[in-house]
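Quick notes on the structure that follows.
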Amino acid sequence: MFQVLVAEPDDASFQRIRSYLAPEAFHIWRTVNLAECVKGLKAIQADAVLMAFDFPEGGARALLHHLLAEALEVPVVVLGQPGQEEACRRIVLDGAADYLTREPGRWELLDPVLRRAIAHHRLPAQLAASEQKYRTLFHHSPNGLILLDTEGAVLDANRAAEEIFQIGRSHLFGHPLAEQFPAGSEIRRLLESPQDLSRSGNQTLSFQRGGQELWLEIRLNPMEAYLHRHYLLQVRDVTQVRRAEAELAASEAHYRDIFENLGTMIVILDVEGRIVDVNRWVEDWTGQPREKLHGFHLFQHLRDQGLGEWLEQRGRELREEGVMRGEFEARLFGRQAVLGCHATSMVQGGRVTGYRLAFQDITYRVELERQREELQLELLERDRLAAMGRLLQGVAHNLSNPLTILQSTLDWIRSEGVDAVNLAEELQVMDQQVRRLREMLTNMQEKGRREALRKVVRLDLNAILEAELKFLQANPFFKHEVKLETQLLPLPPILGIYSDFSQSFSNLLNNALDAMFDSPAKTLKVSTACRQQEIVIEIQDTGHGISPEALPQIFDPFFSTKPNVSVDGRPAGTGLGLHACRMLLDPYGVKFEVENRPGAGAGFRLRIPIQPRRGVRALLVEDESAVRLGLQSGLRAFNVNVTAVESAEAALSLANGFDVYLVDTSLPGMSGLDYIAQLRARQPEAKVLLLAGADFPQVEPRARTLGVNLVLLKPVTFREVAQAIALLDTPNSPVAAGW
């Protein structure tokens, strides 16, 4: 709002003035004499004075001169009567801003005349402020700015221009800018023709400064001001940009070289699963140029081959974790192959824009693994048959003794006649031998039955060791020449397959006996003990020990320090015994330690874990609070961190990523098996331990179908659950593919 001081003694004229000035635009102050006018101007900081020509005390001219004498800078508009135009013009020449006569049709001009007078008065200050603003922008611009005349001489330059060209102001002002650069240089050539440069737009050029090459982006813009033509030269140092671009291009070339020559098939997909780019290894493998592969819908092709569920599972893994690993078998571009896949998401601006897939054809590896497994099974079978042969040889020897006694007794009775012998006494002898035969045959049948049952059950390792030691009684060497020392301390039952341990123990015991064949001292020591995290079994002999050269190879297949064929009664070997032990017990996480005493014997120490060797994250789904809280607190001592929930619905609300899932069969709402079905859909490789009760026979078929890894029948102990988790957490364990 404008503050206007009206010097008008006449009331009617003052009211008329008020009627022509909008109150929302003008705030009017009135004065009727010179003193009030001067005082008012000093008090209200008026934007303008509207003064009556015939103002008292000398009129408008006297008042104007007084204001000028007081240095009160304010625009004055004189309001005169018709016929006073010439006098009003003289007052304007003395310093008034404008005048207006009081006649019909002229009053409407009062508002615009006052506004124009105020604007004209303010214009110099505004121009000065504008000039200062643009001068500040000019001098503080990060880009170099140089003002040139039409001849190319410097009129002004900012600090950035001085720093870019490293030329001081004294060498710039008034001098042609082109002369600051070497003759024949590109920048001088351009600056010598400013008119041409102004028409050529942005130019990027290089020049030497201090022995270094700099890159500049320059642009010359023509400017018209007050009938004068100038040029504004804009200069930007783009040296770092050019270097960054060069480094980026080199980096891109480097990574493109890696992309092309990594030795792995790499495919770039868009979010829909269509191929965007491939490297040369994909071209070589498919036999197709990348141009033909572009746009190929890989995801849809896999769905068409029945891999939709696999793709959905892996896609969920990719979305949740940002990375996916897996393998699949499919027919691609005319080739049936097993492919290993590693995929990552490409993210830009927080949004997935595509996928980066690395493939390897692992068909040959899968085939080699199958052949390796077949070979391992063959080796184990050969070792089992060899062990069975040794056992049968000893059993045959042991059977011959009671059979000989039975035959001799019968021959005696026949030769002497029934009446000539003490029949009751002879029958008692025969009965003892029959019982002895029956016991040996029963033991053999029980061993055969248990070893044929490839099923995870609770095992008593002490009982297995005792059974194998009893079978050694069939070995005459052991029976008559070897001293046996045992210290079998109480052990907790463990989960496992009977034959894995019985065959391993048999191999270790027989190796110990063979090692003592011709040693002067023949003592076999067998001991067991249980510690917090493991069961320790030691089998020691007093043979000749193992030579340092042979020690690194003792677990290799077909390596043996014994001859292949027995000579002079010396034991022979196939070189499969220790290798079979490691193959059978590695899946249980068993650690083998060899204590070698050259010339005095050797010992094998087996460390069998009964709880996880590392911290395991387990999810327990159990509705009974006592069982839930008990397992949660009890398993903590066994290196298991348990998150417990009481329902399947609560379990499904949690994120994936637990190492092991412990699930009760009977749950409120969704059953345990229904939960496992949904878990398998979300996390196919999840390791599941089922806690079953009396309903297990009814749920067993579906549990097997769902791929439950292991089942424990309630009630269970903390140690049993911990050892079960240890088995599940061990690679290639016997429960990895189900119990």
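The values are calculated or read from the model by the stated rules, or taken from the named source; none is laboratory data. Just so we're clear, the structure is a prediction, and the values are computed from it rather than from any experiment. Here Cβ is always computed from backbone atoms with ideal geometry, including for glycine, and neighbour counts include all displayed protein chains.
See the values below:
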| item | result |
| --- | --- |
| Residue among Glu312, Glu260, Glu291 that is outside any strand (DSSP E or B) and touching a residue at least 12 places away in the same chain (Cβ under 8 Å) | Glu260 |
| Qualifying strands (runs of 3 or more DSSP E) (wholly inside region 140-213; at least 1 residues being surrounded by fewer than 17 Cβ atoms within 10 Å (Cβ to Cβ)) | 154-157, 203-209 |
| Residue list for region 232-250, filter: exposed (fewer than 11 other Cβ atoms within 10 Å of the Cβ) and of a type in the set (S, T, N, Q) | Gln240 |
| Any hit, region 269-280, residues being over 28 Å from Ala681 (Cβ atoms) and either in a loop (DSSP other than H, G, I, E, B) or within 23 Å of the chain's Cα centre (by Cα) (or both) | yes |
| Filter result (part of a loop (DSSP other than H, G, I, E, B) and under 18 Å from Leu710 (Cα atoms)) within region 582-619 | Gly589, Ile610, Gln611, Pro612 |
| Only one of Ala337, Ala343 that is within 17 Å of Phe259 (Cβ to Cβ) and part of a strand (DSSP E or B) | Ala343 |
| Residues (loosely packed, with under 15 Cβ neighbours inside 10 Å, farther than 20 Å from Thr561 by Cα and acidic (Asp, Glu)) located in region 480-520 | Glu481, Glu485 |
| First in region 178-197 and over 15 Å from Arg209 (Cα atoms), second anywhere and modelled with pLDDT under 80 and assigned to a helix (DSSP H, G or I), Cβ under 8 Å, 6 or more apart | Leu190/Asp196; Leu190/Leu197; Leu191/Leu197 |
| Leu620 being more than 24 Å from Arg531 (Cβ to Cβ), modelled with pLDDT of 80 or more, among the hydrophobic types (A, V, I, L, M, F, W, C) and under 45 Å from the mean Cα position of the chain (by Cα) | yes |
| Qualifying residue in region 521-535 (condition: over 54 Å from the mean Cα position of the chain (by Cα) and either surrounded by fewer than 16 Cβ atoms within 10 Å (Cβ to Cβ) or free of Cβ contacts under 8 Å to residues at least 40 places away in the same chain (or both)) | yes |
| Filtered residue count, region 128-166, keeping only those that are of a type in the set (Ser, Thr, Tyr) and in contact with a Lys or Arg (Cβ under 6 Å, 6 or more places away or on another chain) | 1 |
| Condition broken by Ala96, with the remaining ones in (1) part of a helix (DSSP H, G or I); (2) surrounded by 12 or more Cβ atoms within 10 Å (Cβ to Cβ); (3) small (Gly, Ala, Ser) satisfied | (1) |
| Cβ-Cβ under 8 Å pairs, at least 6 apart or on other chains, region 558-582 side within 18 Å of Leu508 (Cα to Cα), far side at pLDDT 75 or above and of a type in the set (Gly, Ala, Ser) | Phe559/Ala550; Thr561/Ser547; Thr561/Ala550; Gly573/Ser560; Thr574/Ser560; Gly575/Ser560; Ala580/Ser504; Cys581/Ser504 |
